[in-house]
Amino acid sequence: MKLSFFGAAHEVTGSCYLVETEQVRFLVDCGMFQGGPEAEEKNRHFPRFDPEKIDFVLLTHAHIDHSGLLPRLTNLGFRGSVYCTSATADLLGVMLPDSAHIQEKEVEWQNYAKRKKQGRYTRDTAPLYTVIQAQNCLKHLRTVEYDSECKPHPQVRVLFRDAGHILGSAILEVWVQDGASSKKLVFSGDLGMPLRPLMNDPTSIEDADYLLVESTYGNRLHKGLQETIDELAEAVNRTLRHKHGNVIIPAFAVGRTQEILYLLTKLMREERIPSNTQIIVDSPMATAATQITLKYHNLLDAESQALLDWGRTQNGSAHIRFTESVEDSMALNHIQHGAIIISASGMCNAGRVKQHLKYNLPRRECSVIIAGFQAHGTLGRKLVDHAASVRIYQEWVPVHADIYTLGGLSAHADQAALMTWLKHFKSPPRQTFVVHGEEETALGFGALIQKELGWSVTVPSAGTAVDC
């Protein structure tokens, strides 16, 4: 059996792993690279294998850095099935067409700017895939429930376990028949942080021959949840009550938006922020994702279900509004104070949040709350790194607004939580591969596993192929 690493190796995004035997070839994840021109180049060179020879895909969850190149895969010849949980399938029905729409619009803007600068005879850039191609990709989805065995191939059986990361996210236990022997691979996907809002804690796994474990926050500890809630309340109150500005929260449409809505509702219920605060979700995908979250409310933790029940008794008094049109979104530019605007994308590289940043970053009375991981090269990372100005829509925008970073809202397990999850294994895997982390972080986390657990650890780079 051969295992190849085509993404999320020495970096966080682009999750994609190829498993091959003489009888079967399949992918685990097919994610988009994110973060600047290098990522764009990698996406355009994907895939570095023949899509027509892939039998099926197993998908850990719906985030674009794990699923975002599926439409490109199907458009270039893949004809098999993509297996995922039901909630993930519903989310992909929103996220992949939205990803395509964003790419089409970004390319349209780039081509316009290029023609304006170089003349009408310049060669236009095409999007990675179109909305139609994304919609066609959805026909390949096959749903699997948690803890129910799936056999996508006579030589392969799979169990999807709750990863506690976002709605529908899964740890994959995969048994592959390789000749006369059976080998068990475990793909952690993205592991959630225990004792956090909405999601259940990640499922413990007891054994594996080969383990791929994420390391996004393998080098740090998150702030405590209560401390984070206190910081959120302080940022909101300082901005709305004292500075009389707006709060902009760039948020991933899936997971993070719903978590922030939960926390803001909780703060209102506890009367820690004004009960008449305008909370506006300006992202069609986040609106749809919130509806899907409510559909799968049985997958949420008990505390979240209780808060949902409370919210239903308030007759909408929490003042949460979801925009419906581009005109609604543009009208938000005229709001000078008193609003919390939650908008995608979470790393600020695309979507409507760029418009809100353009109008609010120059205003000292406003604040931006960064509530998630920001990959190197993204607009969000530049804000976290205290850039004096940033480029938005081909214009330089001064950064005068306050920038808050909430470290305790990550949907990823921190170093301690990752180590606790690993310690549930009853015996060491033959080999552990540390993936889905920036190079220094992944190497450091790999060294920590070797030191504390005594396991055999490899930190593969992109393009590495290993015989198992």
Over the chain, equivalent-ellipsoid semi-axes from the Cα gyration tensor in Å:
36, 27, 21
List the equivalent ellipsoid semi-axes of segment 104-147 in whole Å, largest first, each obtained as the square root of 5λ for an eigenvalue λ of the Cα gyration tensor.
37, 9, 6
With only helices counted (DSSP H, runs n ≥ 4, each -39500 (n - 2.57)), the per-residue ellipticity at 222 nm for the chain, to the nearest 500, works out to -9500 deg cm²/dmol
Of all alpha-carbon pairs in segment 320-468, indicate the percentage at a distance above 20 angstrom.
61 percent
Which number comes out as Rg/Rh for segment 252-352 once both Rg and the Kirkwood Rh are worked out on C-alpha atoms?
0.96
Quick note, segment 5-126: a/c under 1.5 would make it rounded; otherwise a/b > b/c is prolate and the rest oblate (a ≥ b ≥ c, C-alpha gyration tensor); here it is prolate
Equivalent-ellipsoid semi-axes (√(5λ), Cα gyration tensor) for segment 225-405, whole Å, largest first?
26, 18, 16
In bins 5 Å wide, starting from 0, what share of all Cα pairs of segment 71-136 does each bin hold, as a percent?
3, 17, 19, 19, 15, 11, 8, 4, 3, 1
Listed by chain and number, the lysines with an alpha carbon less than 24 angstrom from that of Lys2, same-chain partners under 8 positions apart left out, are Lys42, Lys53, Lys151, Lys183, Lys184
What's the longest bit of the chain with no exposed GluC sites (Glu not before Pro), using DSSP loop states and at most 12 other Cβ atoms within 10 Å as the test?
325-468
Listed by chain and number, the lysines with an alpha carbon less than 27 angstrom from that of Lys223, same-chain partners under 8 positions apart left out, are Lys243, Lys266, Lys382, Lys423, Lys451
Tail weight of P(r) past 15 Å, computed on alpha-carbon pairs of segment 398-468, percent:
63 percent
Dividing the alpha-carbon radius of gyration of segment 191-250 by 2.2 N^0.38 Å, where N counts its residues, gives 1.68
In whole Å, what are the Cα extents of segment 131-231 along the three principal axes, biggest one first?
54, 40, 23
Among the DSSP beta bridges whose two residues both lie in the chain, what percent are antiparallel, rounded to the nearest 5?
45 percent
Note to self: Kirkwood Rh of segment 165-320, Cα pairs, one decimal, Å, is 18.0 Å
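Read-outs: derived from the displayed coordinates by stated rules, not from any lab. On a predicted model such as this, the values are computed, not experimentally measured, just so you know. Don't worry about glycine lacking a Cβ; one is built from the backbone with ideal geometry, like all the others, and counts go over all protein chains shown.
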